[in-house]
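First up is the structure itself, then whatever we jot down about it.
The values are calculated or read from the model by the stated rules, or taken from the named source; none is laboratory data. If you're wondering where the values come from, they're calculated on a predicted model, not measured in any experiment. Backbone-built Cβ (ideal geometry, glycine too); neighbour counts: all protein chains shown. Heads up: the accessible areas ignore ligands, DNA and RNA and are worked out on the full protein's heavy atoms, side chains in. Shrake-Rupley method; radii C 1.70, N 1.55, O 1.52, S 1.80 Å.
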Amino acid sequence: SGMVVHTGAYPARLGDRLSGVVELQPLHAHGAPQGEVSLSLFNVAALHARGLGSGRGALQLSARRSVYDQLLRWFDSSGSEPGYAEGLARARWQWNATVGVTAGVLAFSDDVKLADSDREEQARAAYRDRYAWLRLDIAPPGRWSGSVALTDVALAADRSGEVVHPGVSSGTLLDRRHHAISGLNTDWAWGGRRVQVGFGAETRWVRGDYRYADAVAFDVVFDAPGFEAQRQRQRSLR
């Protein structure tokens, strides 16, 4: 429903960001259902939003997928297929004048396959990001308001590549990075006629797994600065 771009100073509630923040406000459906379907040279998308329970609740569903890969199959025979897909599911329910709850899941999937015309160089990158949250909004009588939120994030990046130049060099690459982030945070505000005060706290648990491996072999070695001096090299990190 709206977007605010903070390019410099921004509220402390937005965390320890450095250069800027893009704050997105999701669509709030009221009353009759809303729907949209779109098709372009870039993607195909669908959106559905509606109010629930005489305005006490709201539901939003949206999905989008690129059509790059389909178009490139007609014009490019190398096998290059860049594509992406994303989806959002969000629900909100206002229990009473004091307590409301919001739950949502946001997922991204990006796949990029690249290859040259003779298939001597090929690469693939796949990214899977998933964000889930559950937030309790509290507005007790008076001038206080606050929220408590649970968040769970899973980030995965897989990259691989292969190079085969007969008589010159060959090599492979594998790079995998997986992260899991769970958090609990609370924000509170007190608003008077002339003074407003806000404060909050956050705790996070982060785990990451890394796997990197490459192997390369050179059939031709040049004894000159800037060229590889070893015929073979292997690395494996975890």
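If you check 147, 80, which single one turns out to be over 23 Å from residue 200 (Cβ atoms) and either surrounded by 15 or more Cβ atoms within 10 Å (Cβ to Cβ) or not aromatic (Phe, Trp, Tyr) (or both)? Show your work before the answer.
Values: 147 fails: over 23 Å from residue 200 (Cβ atoms).
Result: 80 is the single residue among 147, 80 that is over 23 Å from residue 200 (Cβ atoms) and either surrounded by 15 or more Cβ atoms within 10 Å (Cβ to Cβ) or not aromatic (Phe, Trp, Tyr) (or both).
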Practice item. Kindly indicate which of 91, 63 is open to solvent by less than 50 Å² (accessible area, probe 1.4 Å) and under 30 Å from residue 179 (Cα atoms). Key: 91
Practice item. Could you tell me whether segment 43-52 includes any residue that is assigned to a loop (DSSP other than H, G, I, E, B) and more than 19 Å from the chain's Cα centre (by Cα)? Key: no
Point to revise | Lone unmet requirement of (1) in a strand (DSSP E or B); (2) without any contact (Cβ under 8 Å) to a residue 40 or more places away in the chain; (3) within 30 Å of residue 203 (Cβ to Cβ) for residue 124 | key: (3)
Revision key, fill the gap. Subset of segment 185-216, residues touching a Lys or Arg at 6+ places or on another chain (Cβ under 8 Å) and either exposed (fewer than 14 other Cβ atoms within 10 Å of the Cβ) or among the polar types (S, T, N, Q) (or both), comes to 191, 192, 208, 209, 210, 211
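Quick one: is residue 41 loosely packed, with under 15 Cβ neighbours inside 10 Å, in contact with a strand residue (DSSP E or B) (Cβ under 9 Å, 6 or more places away or on another chain) and at pLDDT below 90?
Values: loosely packed, with under 15 Cβ neighbours inside 10 Å: yes; in contact with a strand residue (DSSP E or B) (Cβ under 9 Å, 6 or more places away or on another chain): no; at pLDDT below 90: yes.
Considered against the rule, which asks whether it is loosely packed, with under 15 Cβ neighbours inside 10 Å, in contact with a strand residue (DSSP E or B) (Cβ under 9 Å, 6 or more places away or on another chain) and at pLDDT below 90, residue 41 comes out as no.
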Check your understanding: Among (1) surrounded by 15 or more Cβ atoms within 10 Å (Cβ to Cβ); (2) closer than 28 Å to residue 43 by Cα; (3) in contact with a Lys or Arg (Cβ under 9 Å, 6 or more places away or on another chain); (4) aliphatic (A, V, I, L, M), which single condition is residue 173 missing?
Key -> (2)
Practice item. Identify all residues within segment 16-39 that are in contact (Cβ under 8 Å) with a residue 24 or more places away in the chain and outside any strand (DSSP E or B); write none if there are none. Key: 26, 27, 28, 29, 30, 31
Point to revise | Those residues of segment 1-42 which are in contact with a Phe, Trp or Tyr (Cβ under 8 Å, 6 or more places away or on another chain) and more than 29 Å from residue 148 (Cβ to Cβ), in sequence order | key: 42
